[in-house]
Amino acid sequence: MPASSDTNWDKKAQSVMPPGTLLTSYSGLFSEDEDYLTGIHAPLTLEQNRASPSPKQVQLGARLLLTLFENMSLYESLAENLLDTSPEGCVVGQQLVRMIFTALKDAHRLWATDATNTKEQYYENLLGWSQKIFDERSQPIRVSPSTTPEEYLRCVSNRWEGIGLVFSVVGQGAMLERDWKAVSQAGSTARPDQRSLAVLAATASDACLQFCDDSGVVHDPLGWLLYQHTHLLTLVYGDNDYRAWRKLAQLSTVVFTLGLNQSRPTTRIPFFLAELRKRLMAGAYSMDKQLATFLRRPPQINWRYCDVQLPLDLRYDEILADPHTRDAAINRLDANGWNSRGVIQTAQWMRVALLVGSIREQILELSLSRCVDDLPRKAKQVSENSRRTWDELPSFLRWGPGSANSDDSGNLLIPLYLDFLYNDFLLYRLLVRRSQNESEALINVSQNILGTVLELIGRGIASGTGTYNIGWSASSFGIPAAGVLAIALLCQSDGSSRPPPSNFQRPKTIQNLSIFASYLQYVVRPHEGNYDMCQHARRILCHILNQALSANPPPLPSSLPADAVAADWLNGESILLDDGTNLLEWMDKST
């Protein structure tokens, strides 16, 4: 390998270590270059403590293999479509997933060739294959700097981690597929619906995770599986379901066990694996902050204990390329690791996710702490940090209202813009809740967010190809902003309540809320996990709009509290009127 292969990509890597990071691990007293620390080998497992698989486990493994290969053409189509329409949904990338599919099909041919054309013999062969996978599951995957992606992925595909990863990616593809009827015809005659297949995939990948737990091996493929499985659970059951948060706890354990939270020398592992580790860390950290923000819980991966590097802004095929091609791609990056051609690609989502996540964690710390001294000053500091981070992004990533981006690039960039807007939204909402200040700023950023979400949805409708970003942005950004504006509208409509801020635009708010409520009927589809939450929000928005537009609306039993505009009521938080009446329950009874 040329010397530049080890130097170029290290010098362009940006460390994002928080101040005050100390080396406190006992193992760190010896050498950070040891194989254990770089995660090349699995933690040692005593042979006598290794759990032997039960006959039922082997049978379940065979049934998983049978399910996989009976529906292989459908599963491959779903995986391909997922990685085309939602590239950020898979931490290992399209080419690696293809390699796993290819390796699985090659192995299947070997196990199926000596079957005597009977289902019984074929199933017996699958039982033997399942037993072999169990027998080898505690063996670590040994790598060296010269290990190729194909060699590594062939090892992964013959483990429950690889098989579970395939099921997880297939489940994500099923949930996000826009043309289910056309794609599902590639499968068996008994065509399942999207949700049923995704639930089956989640169950299958969960079984694979249990097999992995019994082995005691912690390595990169386990982290890939946990990331994809957790993402699948959010799609199937919604962001507020406990199952995703529980699996995220396992993912955070793997991240810390592998030492992904610390930058370490990477001379003993191949380049592609080093970069995939950065992307796994970025994906896990970002998912942790998204769920923690949504659920209003302390994050499970704390930035204080992280010293990580941003993934390089390379395509997956460049990561997997030969050293000459790879080094040429690295040399085209700027000093901060961004591509210098202005090309929009997956790695940028990973890089920005780390940067946004660190800001979001500061906001969570302010929001969840019982007592914060000088909150306005600290909130202002975090806001300035967020805006500075936005300003330091490459210009081709900074979308703004009126930007002349194409529909395709706009659909990718608008969610990044919304992420930074939402930082200010969370900070202003916190200040209103704690001190009843900044209500005008909260109204203003809410109007900006809702208008941007409507533009994103409009672009998707105009292009005729909806994307996962549209539904996710509507539920994650649009609903909280609409909740603020709806309460402000209610305040103005009810004479006995406190008036809204002076910058409140009633006609525009009514128009945007009406359009948004109509969009909520279909931008998140009935089989998706957040659908019920979106329909609940739509019903409440429609009730408030009817109240606002009615000539003689029923008066509220009492006045709204001063901080009502900052309540996250569309996500389940109660609003109690001054006399103790629950606003949402009163609305339900009055309809």
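The values are calculated or read from the model by the stated rules, or taken from the named source; none is laboratory data. The model shown is predicted, which means the values in this text are computed figures rather than measured ones. Methodologically, a virtual Cβ is constructed for each residue, glycine included, from the backbone with ideal geometry; neighbour enumeration extends over all protein chains shown. Just so you know, the surface numbers come from the protein's heavy atoms only, side chains and all, with ligands and any DNA or RNA stripped out. Shrake-Rupley method; radii C 1.70, N 1.55, O 1.52, S 1.80 Å.
What residue, among those in region 328-357 that are farther than 25 Å from ASP307 by Cα and charged (D, E, K, R), is least open to solvent (accessible area, probe 1.4 Å)?
Per the criteria, the residue is ARG332.
Taking region 428-473 on its own, how many of its residues are assigned to a loop (DSSP other than H, G, I, E, B) and more than 18 Å from ASP568 (Cα to Cα)?
First pass over region 428-473, keeping only residues assigned to a loop (DSSP other than H, G, I, E, B): 436-438, 464-467.
Those still in the list that are more than 18 Å from ASP568 (Cα to Cα) too: 464-467.
Residues flagged as assigned to a loop (DSSP other than H, G, I, E, B) and more than 18 Å from ASP568 (Cα to Cα) within region 428-473 amount to 4.
Given the criteria assigned to a helix (DSSP H, G or I) and open to solvent by 10 Å² or more (accessible area, probe 1.4 Å), does GLN300 qualify?
no
Just to be sure I understand the filter: pairs with C-beta atoms under 8 Å, separated by 6 or more residues or on different chains, first member in region 391-409 and modelled with pLDDT under 85, second member surrounded by 14 or more Cβ atoms within 10 Å (Cβ to Cβ) and among the β-branched types (Val, Ile, Thr). Which pairs pass?
SER409/ILE344
One line per residue, one yes/no per condition, for (1) polar (S, T, N, Q); (2) open to solvent by 20 Å² or more (accessible area, probe 1.4 Å); (3) modelled with pLDDT under 95; (4) touching a Leu at 6+ places or on another chain (Cβ under 8 Å):
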site	(1), (2), (3), (4)
ASP35	no, yes, yes, no
SER52	yes, yes, yes, no
LEU83	no, no, yes, no
GLN94	yes, yes, yes, yes
ASN117	yes, yes, yes, no
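Within the set of pairs 6 or more residues apart or between chains, which connect a residue that is in the same structural domain as SER476 (by the TED database) inside region 504-522 to a residue that is modelled with pLDDT under 95 and open to solvent by 50 Å² or more (accessible area, probe 1.4 Å) with Cβ atoms less than 8 Å apart?
Every condition considered, the pairs that remain are PHE504/GLN492; ARG506/GLN492; ILE510/LEU549; ALA517/ARG538; LEU520/ARG538; GLN521/ARG538.
Would you check if there is a residue in region 358-376 being in contact with an Asp or Glu (Cβ under 7 Å, 6 or more places away or on another chain), surrounded by 13 or more Cβ atoms within 10 Å (Cβ to Cβ), in contact (Cβ under 8 Å) with a residue 60 or more places away in the chain and not hydroxyl-bearing (Ser, Thr, Tyr)? Don't jump to the end; show me each part of the working.
Step one: list which residues in region 358-376 are in contact with an Asp or Glu (Cβ under 7 Å, 6 or more places away or on another chain), which gives none.
No: region 358-376 contains no residue that is in contact with an Asp or Glu (Cβ under 7 Å, 6 or more places away or on another chain), surrounded by 13 or more Cβ atoms within 10 Å (Cβ to Cβ), in contact (Cβ under 8 Å) with a residue 60 or more places away in the chain and not hydroxyl-bearing (Ser, Thr, Tyr).
Being assigned to a helix (DSSP H, G or I), among the β-branched types (Val, Ile, Thr), in the same structural domain as ASN71 (by the TED database) and surrounded by 20 or more Cβ atoms within 10 Å (Cβ to Cβ), is that true of even one residue in region 195-214?
Taking every residue of region 195-214 in turn, none turns out to be assigned to a helix (DSSP H, G or I), among the β-branched types (Val, Ile, Thr), in the same structural domain as ASN71 (by the TED database) and surrounded by 20 or more Cβ atoms within 10 Å (Cβ to Cβ).
Looking at ILE363 and the list (1) modelled with pLDDT under 90; (2) closer than 21 Å to GLN436 by Cα, which single condition is not satisfied?
(1)
Which residue, of LYS181, LYS132, is under 18 Å from PHE69 (Cβ atoms) and open to solvent by 10 Å² or more (accessible area, probe 1.4 Å)?
Selected residue: LYS132, the only one of LYS181, LYS132 that is under 18 Å from PHE69 (Cβ atoms) and open to solvent by 10 Å² or more (accessible area, probe 1.4 Å).
Does ASP307 qualify as being among the charged types (D, E, K, R), at pLDDT below 95 and more than 30 Å from LEU368 (Cα to Cα)? Break it down stepwise before answering.
On the way: among the charged types (D, E, K, R): yes; at pLDDT below 95: yes; more than 30 Å from LEU368 (Cα to Cα): no.
No.
Determine whether SER409 is open to solvent by 10 Å² or more (accessible area, probe 1.4 Å), within 28 Å of ALA462 (Cα to Cα) and not in a helix (DSSP H, G or I).
The answer is no for SER409.
Looking for whichever is of a type outside the set (A, V, I, L, M, F, W, C) and more than 30 Å from GLY471 (Cβ to Cβ) here; the options are PRO221, PRO265. Which one fits? Write out each step before concluding.
On the way: PRO221 fails: more than 30 Å from GLY471 (Cβ to Cβ).
Only one candidate passes the filter, namely PRO265.
Which condition from (1) open to solvent by less than 10 Å² (accessible area, probe 1.4 Å); (2) modelled with pLDDT of 95 or more is the one that GLN250 breaks?
With respect to (1) open to solvent by less than 10 Å² (accessible area, probe 1.4 Å); (2) modelled with pLDDT of 95 or more, GLN250 is out only on (1).
Take the residues in region 68-80 that are open to solvent by 40 Å² or more (accessible area, probe 1.4 Å) and more than 15 Å from ARG178 (Cα to Cα); name whichever of them is farthest from the chain's Cα centre (by Cα).
GLU70
In a helix (DSSP H, G or I), in contact (Cβ under 8 Å) with a residue 24 or more places away in the chain and of a type outside the set (Phe, Trp, Tyr): does that describe ILE344?
No; evaluated as a whole, the condition is false for this residue.
Identify, by number, the condition in (1) open to solvent by less than 20 Å² (accessible area, probe 1.4 Å); (2) over 28 Å from GLU573 (Cα atoms) that PHE425 doesn't meet.
Here PHE425 clears every test but (2).
Determine whether region 464-472 contains at least one residue that is free of Cβ contacts under 8 Å to residues at least 40 places away in the same chain and of a type in the set (Phe, Trp, Tyr).
no
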